[in-house]
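Q: Take this structure, written in structure tokens, and hold onto it; I'll ask about it next.
The values are calculated or read from the model by the stated rules, or taken from the named source; none is laboratory data. All of these numbers come straight from a predicted model, not from anything done at the bench. We place every Cβ from the backbone using ideal geometry, glycine too, and count neighbours over all the protein chains shown. Ligands, DNA and RNA are excluded from the accessible area calculation, which covers all protein heavy atoms including side chains. Shrake-Rupley method; radii C 1.70, N 1.55, O 1.52, S 1.80 Å.
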Amino acid sequence: MRKTIVAGLLIGAFSVLSAGEFDAQANKDLKALKEYMEKKFATRKGAESYFPYTPKEELDKNFKWGLKGDDFRLGSYAYNKNGKEQYDEMNEMPPYEDNIDAGEELYKNTKFKNGKSFKDCFPDPAIKGEYPKFVKGKGVVTLADAINACLKENGEKPWDMAKGKMADLEAFFAHASKEKGKRYHIVINSKEAAAAYEDGKKIYYSQRGYLKLSCANCHVQGAGKRVRNEYLSPLYGQVTHFPVYRLAWEELGTLQRRIKGCEKNQGETTHKLDSKWMRDLIYFLTYMSNGLPVDGPDIRK
Amino acid sequence: MKKLLTLAALAILASGFANASNSDLVKEGKKIFNTKKLGNCFACHNANGKKINGPGTLGPKLQGLSMWPEQALYDKVYNPYKTNPISAMPPFGLNGVLNDHQIKAVVAYLKTIK
């Protein structure tokens, strides 16, 4: 009898203590996704079942197998050997170093009209892995949303969320987080937060635009296949490295900007960069990189 | 005799026309297949015996399509869900990306894939 009471108390204590109630589904999703990707890229043997249309020679020669956890932070370069070589060459002279410096300058030396600065809003710059956050009454707040909120609260004009100063300041935050060895740590701790996550997930898995493709067609089932010559990156670890310097842009850009490009890929009219649609989607996307190292800024084709 | 000759000439002309218009259609279909803003089929497909510039691997390498009935090819391009409800191929007719004539052109091109 006493034993059962103790056990009962313990269970009760656990359910109060752990935030596990609200993030249970998200954790299950993340675990399943990680397992799927690790299996998909485990060995050459049996790879045909995941890549039915990829030429055998390509599977033999250009794929790196045996990928695990942190490997996926590299996106498609985790398995695409040729791409990885080019990527390593590009990273010998990283084109984003000036952006990190510019971001540091913005962080340390921007004085708002009221005398305050970014340091008042963000005392610690190593926060890339903490965003997006869910804030009651506001919904999902991405790092870009938080930066613009800081500007507005201090009587300043908000920035373009796609590039420029926004990308530079994010680059500095990402760099500072990486230096400290931070990992993504996205939290879901309320019913409303769980609902926003589910909304983002629904967006990701539904057919969109006139091409009727889902994000998952290309980045879950499609991960490792190619659209023309471009290898598709996996959802797991897909956002660890933002902001990115894209050769196609010839400059640094934010995750919001990249997503807008993919909306166009699937023939969808694009959503505003600070819309609920975009914020919920980024909440889901970033949760799917939980536990992986903050790895930005980086380069992509 | 003269009449016969004219008839023969006409017949040749007619068949020539038919050929010309079919090969024009094939040409048009080939262009739709390989143009990003049109069918963009090469984003996902290679095609047996054709030189495709950097074909993707989301869809199968197309082969043996010369054996398919035209209607089956038309249906596949118009609405792949008809035969495969979970197809990851876009429905090019249903969504209005390609019109009836353009789909017929693509089908004419697909029929040349051995």
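Q: Regarding the range A:260-280, can at least one residue be identified that is among the hydroxyl-bearing types (Ser, Thr, Tyr), modelled with pLDDT of 95 or more and touching a His at 6+ places or on another chain (Cβ under 9 Å)?
A: Checking the range A:260-280: not a single residue is among the hydroxyl-bearing types (Ser, Thr, Tyr), modelled with pLDDT of 95 or more and touching a His at 6+ places or on another chain (Cβ under 9 Å).
Q: Given the options A:LYS116, A:LYS108, name the one that is assigned to a helix (DSSP H, G or I) and either modelled with pLDDT under 95 or basic (Lys, Arg) (or both).
A: Going through A:LYS116, A:LYS108 in turn, just one is assigned to a helix (DSSP H, G or I) and either modelled with pLDDT under 95 or basic (Lys, Arg) (or both): A:LYS108.
Q: Working only within the range A:262-272, note down all residues that are away from every other protein chain (no Cβ under 14 Å) and open to solvent by 30 Å² or more (accessible area, probe 1.4 Å).
A: Within the range A:262-272, A:THR270, A:HIS271, A:LYS272 qualify.
Q: Among the residues of the range A:200-229, write down those that are touching an Asp or Glu at 6+ places or on another chain (Cβ under 6 Å) and either open to solvent by 50 Å² or more (accessible area, probe 1.4 Å) or within 9 Å of chain B (Cβ to nearest Cβ) (or both).
A: The answer is A:GLY209, and nothing else.
Condition check ((1) aromatic (Phe, Trp, Tyr); (2) in contact with a strand residue (DSSP E or B) (Cβ under 7 Å, 6 or more places away or on another chain); (3) within 16 Å of A:VAL141 (Cα to Cα)) across all residues:
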residue: A:VAL227; (1), (2), (3): no, no, no
residue: A:HIS241; (1), (2), (3): no, yes, no
residue: A:TYR283; (1), (2), (3): yes, yes, yes
residue: A:TYR287; (1), (2), (3): yes, no, yes
residue: A:ARG300; (1), (2), (3): no, yes, no
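Q: For the range B:43-53, how many residues meet the condition of being of a type in the set (A, V, I, L, M) and more than 10 Å from chain A (Cβ to nearest Cβ)?
A: Residues that pass the stated criteria total 1.
Q: Just to check your reading of the model, which residue among A:GLY75, A:GLY66 is assigned to a helix (DSSP H, G or I) and at positive phi?
A: Just a single option satisfies the conditions, and that option is A:GLY75.
Q: Moving on. Looking at the range A:30-40, can you tell me whether even one residue there is assigned to a loop (DSSP other than H, G, I, E, B), out of contact with any His (no Cβ under 7 Å at 6 or more places or on another chain) and farther than 25 Å from B:ASN48 by Cβ?
A: no
Q: Next question. Being over 20 Å from the mean Cα position of the chain (by Cα), open to solvent by 50 Å² or more (accessible area, probe 1.4 Å) and not acidic (Asp, Glu) is the filter here; which residues of the range A:106-143 pass it?
A: Of everything in the range A:106-143, those that are over 20 Å from the mean Cα position of the chain (by Cα), open to solvent by 50 Å² or more (accessible area, probe 1.4 Å) and not acidic (Asp, Glu) turn out to be A:LYS108, A:ASN109, A:LYS111, A:LYS113, A:ASN114, A:LYS116, A:LYS119, A:PRO123, A:LYS136, A:GLY137, A:LYS138.
Q: Within the range B:30-83, work out how many residues are touching a residue at least 60 places away in the same chain (Cβ under 8 Å), within 26 Å of A:ALA47 (Cα to Cα) and open to solvent by less than 40 Å² (accessible area, probe 1.4 Å).
A: Summing the residues that are touching a residue at least 60 places away in the same chain (Cβ under 8 Å), within 26 Å of A:ALA47 (Cα to Cα) and open to solvent by less than 40 Å² (accessible area, probe 1.4 Å) in the range B:30-83 gives 2.
Q: For the subset of the range B:54-73 comprising residues that are farther than 24 Å from A:TYR210 by Cβ and among the polar types (S, T, N, Q), which member is nearest to the other protein chains (Cβ to nearest Cβ)?
A: Among residues in the range B:54-73 that are farther than 24 Å from A:TYR210 by Cβ and among the polar types (S, T, N, Q), the one nearest to the other protein chains (Cβ to nearest Cβ) is B:GLN63.
Q: Would you say A:LEU151 is under 23 Å from the mean Cα position of the chain (by Cα) and not charged (D, E, K, R)?
A: no
Q: Considering (1) assigned to a helix (DSSP H, G or I); (2) hydrophobic (A, V, I, L, M, F, W, C); (3) open to solvent by less than 10 Å² (accessible area, probe 1.4 Å); (4) touching a Ser or Thr at 6+ places or on another chain (Cβ under 9 Å), say which one A:ILE259 fails and leave the rest.
A: If we test A:ILE259 against (1) assigned to a helix (DSSP H, G or I); (2) hydrophobic (A, V, I, L, M, F, W, C); (3) open to solvent by less than 10 Å² (accessible area, probe 1.4 Å); (4) touching a Ser or Thr at 6+ places or on another chain (Cβ under 9 Å), just (3) comes out false.
Q: Which one of the conditions (1) modelled with pLDDT of 95 or more; (2) in a loop (DSSP other than H, G, I, E, B); (3) within 11 Å of chain B (Cβ to nearest Cβ) does A:TRP249 fail to meet, given that it meets all the rest?
A: Unmet condition: (3).
Q: Continuing with this model, one more query. For the range A:82-97, check the following and say yes or no: at least one residue is more than 14 Å from every other protein chain (Cβ to nearest Cβ) and among the aromatic types (Phe, Trp, Tyr).
A: Checking the range A:82-97: at least one residue is more than 14 Å from every other protein chain (Cβ to nearest Cβ) and among the aromatic types (Phe, Trp, Tyr).
Q: Could you figure out which of (1) under 19 Å from the mean Cα position of the chain (by Cα); (2) more than 14 Å from chain B (Cβ to nearest Cβ); (3) open to solvent by 40 Å² or more (accessible area, probe 1.4 Å) isn't true of A:GLU156?
A: (1)
Q: Additional query: State whether one or more residues within the range B:93-107 are modelled with pLDDT of 95 or more, open to solvent by less than 20 Å² (accessible area, probe 1.4 Å) and at the interface with chain A (Cβ under 9 Å from one of its Cβ atoms).
A: no
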